[in-house]
Amino acid sequence: MDSDAPGEASLRITVDLDISDPEAVRSYALFRAPTPEHAAMAAGNLYTALAIAMDPRRVAADVPGVRFLLAKVEAAEGHGTADQPGRVPADTGIGEDAVAALLEASDRVAGVPLELLGYSGDAEEGERGLSRHRARVLAGLLWHAAAAMTDELFNDIALLRSRGATAADIDETFVIDNLPPQFAHHYDSRFAARFLTVCVDLSRNLVSGWKEPTCVAQELAVRCLLADAEFLVEQLELGPELPPDWMSMLERAFLADAGSMMLYDPSMDGFEAGSEAGPQVMPSMRFDDWFRPFRPGAPVPPYAYPE
């Protein structure tokens with residue numbers, strides 16, 4: 001069907017509520033009940049009362065270009081969006097003493113020099129010790145953010161596969177939600193699985209030695225890694241334990257020449273469609289080229305490699 005032509009449509013909306021005054025809900029439902037039968041049902045069941053109290057016509061009342069026909073409201077116990085099974089952030093296993101856990105994990109991050117994370121060996125002794133502590137906490141943060149990103153991507157893949165949907169159809173993904181939104185209709189379970197492989201490959205750099213991303217998708221994986229790190233910082237209140245400008249410092253270190261960051265700039269929307277839209281040295285930013293190696297011999301996992 002032509003999406004620009006008139007046609008039939010339906011909406012499926014889930015609204016989570018907390019019922020603070022059951023009697024007020026019943027009273028309003030009795031007031032709105034269109035028939036004595038509806039009133040009897042509202043009096044006998046709180047969730048039926050809630051359904052009768054709602055006016056679905058208001059959803060479309062202010063939308064131009066549509067005509068309301070019919071609606072059905074069903075209410076049930078529990079939350080339907082917040083309580084989706086499996087849709088919770090990754091269990092990082094960090095524990096109550098977050099700083100101690102991150103310092104312990106930092107010893108595994110042999111691939112990223114502490115100097116790249118803010119350690120200043122030339123500073124005075126007190127400042128030098130503080131910068132080393134903060135750099136180690138940041139290293140451990142990257143370790144746990146990489147683990148969280150991997151775990152959440154498995155959840156994203158399962159969700160997209162179970163719904164037979166793309167990220168444009170749902171808003172419950174974690175990692176995929178950090179990708180450029182204008183391409184969300186391409187983010188299906190197959191794409192998410194390919195993206196997982198480049199994320200895992202990127203995570204290995206924390207141990208084996210940091211290397212520049214090998215394709216656009218891996219540049220975006222860095223962005224997702226930093227987003228997970230930022231989430232952990234807020235969740236665990238780690239701000240004072242990190243270098244003050246840790247995010248911009250990592251962006252400069254890991255994404256200094258990343259043209260893919262322009263994909264997040266609304267003013268550059270559509271630039272990837274034409275080769276003349278960006279600098280001559282910039283690799284193709286077209287969606288179909290996201291997994292294409294930047295240069296001959298650049299490693300891209302076989303599962304992700306362009307067909």
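FYI, it's all coordinate maths here, none of it is from the lab. Worth saying up front: this structure is predicted, and the values here are computed from it rather than measured. Reconstructed Cβ throughout: ideal geometry from the backbone, glycine too, with neighbour counts over all protein chains shown.
In the range 138-240, the convex hull through the Cα atoms has an average projected area of 6.6 nm², a quarter of its surface area.
Note on the range 98-289: Cα-only Rg and Dmax are 17.6, 58 Å. Positive contributions from Lys and Arg (+1) and negative ones from Asp and Glu (-1), summed over other residues with Cβ under 15 Å from the Cβ of residue 119, come out at -4. Assuming charge only on the beta carbon of Lys and Arg (+1) and of Asp and Glu (-1), the dipole of the range 98-289 about its Cα centre is about 580 debye to the nearest 20. An oblate overall shape is assigned to the range 142-181, the ratio a/c of its alpha-carbon gyration tensor axes (a ≥ b ≥ c) being 1.5 or greater and a/b not exceeding b/c. Determine the sum of side-chain charges near residue 148: Lys and Arg each +1, Asp and Glu each -1, restricted to other residues whose C-beta is under 9 angstrom from that of residue 148. Neighbourhood net charge equals -4.
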